[in-house]
Each structure stands twice: as structure tokens, then as C-alpha cells.
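Beneath this line is the structure, given in C-alpha cells, with notes to follow.
The values are calculated or read from the model by the stated rules, or taken from the named source; none is laboratory data. Because the structure is predicted, anything quoted here is derived from the model rather than measured. Glycine also receives a Cβ, built like all others from the backbone with ideal geometry; neighbour counts cover every protein chain displayed. Areas reflect the complete protein model, heavy atoms only, side chains present, ligands, DNA and RNA absent. Shrake-Rupley method; radii C 1.70, N 1.55, O 1.52, S 1.80 Å.
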Amino acid sequence: SNGGRPPPPPARRAVARPDIDSRDGRPGLTVVCAALNIATETVLRPAVRTVVLGGVAEPYSFELIGPLATATMRDLWLDTMFVGTVGLDVHAGLTCNSDAEAGVTRIMIGHSRRVVGLATAEKIGHRALAGICPVSALTDLVIAGPVTPELREHLEESSVRLHEV
């Protein structure tokens, strides 16, 4: 038990895993961050190499956007990308509130072998302003809470693996 405190953020939990310790003095994991708050969590762990995209920080999401972020990302290739979303709709796909943020995220998705969407059930059926990607662009989707039959069917048709937590 953590004394009633909320659980640590996912980035902090991910980099605290003992299986990513350094090997031969080299980092056991490289994390490419498009958000300053994620970079702040990952840089505290010596076994993790933290790569931060350049650019202008969005005030509320802490996401780095603009030509510097997209130029940096064009030269990087990722094994697995985790993408959060403001909205998750079978027709609109994954959406967020910033077209600039969506643009950087799309480049990251295009440069990733595996794309894991992260959402809570209340985001299902919601559409935000800017489209990030269609649901079919994901390899996996992690949902906290109940999944609608419509989304479940769409995921099966799109060959997206569903992970319910």
C-alpha cells in the first residue's frame, strides 16, 4: 500500500523496473520524449538514456512542438511508442487538442515498429480538435475501464490487440 497516495505516474513506474539496469555501463533503455514532464521522470534514472525533442513547449500538455521537434524526430527510429489521447473514436481515431502536437506525434508513429495507444474508458467516443491517427495505425490499445462493443469490434477488424486493465 502507498498510504492512500495516488500511484506514481506511468513513466516513473516504467523506468523503475529492475530489468532495465545498465549493461556494461550503457543504458538499459532509451526513452525518446516529446513531453517535458516525461523527460523529467526518466532522466532521474541512470539506467535510462533520455532523448528530448527540441521545440516549443505547449503550456498545458508540456509537449514539444514545431519545426525543431519534427526535424529531430525525422532522424530517430523507435521500437515501441506509447501514445496518449484526449479522444478515442472509431471514426475520428485518436485525437488531441493541438494540431501541432498531433503533427509531431504522427511522425513518431510513422517511425515506430510498435504503437501502443493508452486511454481510459471515458475517452471512448470523444473527439478532440486534432486527429493523431486512425485506430488501425495502432498495434495495441490499452484501455482502463469498460470497452464499448463498437470499439471492440473495430479493434478486431483492424487487427489491433486490446489490453484491458
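General remarks:
- Pair Arg17, His111: separation of 7 Å Cα→Cβ label points (nm): 2.2
- Along the axis of the charge dipole computed for the chain (Cβ charges of +1 for Lys and Arg, -1 for Asp and Glu, origin at the Cα centre), the listed residues Pro134, Met73, Val83 are led at the positive end by Met73.
- Expressed to the nearest 5 percent, the antiparallel share of DSSP beta bridges inside the chain is 30 percent.
- Within the set [x] -0.48, -0.57, -1.11, -1.31; [y] -0.47, -0.55, -1.00, -1.18; [z] -0.56, -0.66, -1.17, -1.30, the number that log10 I(q)/I(0) by the Debye sum over Cα atoms at q = 0.11, 0.12, 0.17, 0.19 Å⁻¹ takes when calculated for this structure is listed as [x].
- Measuring between their Cα centroids, region 52-87 and region 106-165 lie 19 Å from each other.
- Just the protein heavy atoms count here, and of the accessible area of the chain at 1.4 Å, carbon and sulfur take up 56 percent.
- Net +/- balance of residues flanking Arg127 in space, Cβ distance below 15 Å, scoring K and R +1, D and E -1: -3
- Residues of region 94-116 with an amide N closer than 19 Å to a point placed 7 Å from the Cα of Leu129 along the Cα-to-Cβ direction: 94-107.
- Accessible area of the chain divided out per residue, in Å², using a probe of 1.4 angstrom: 58
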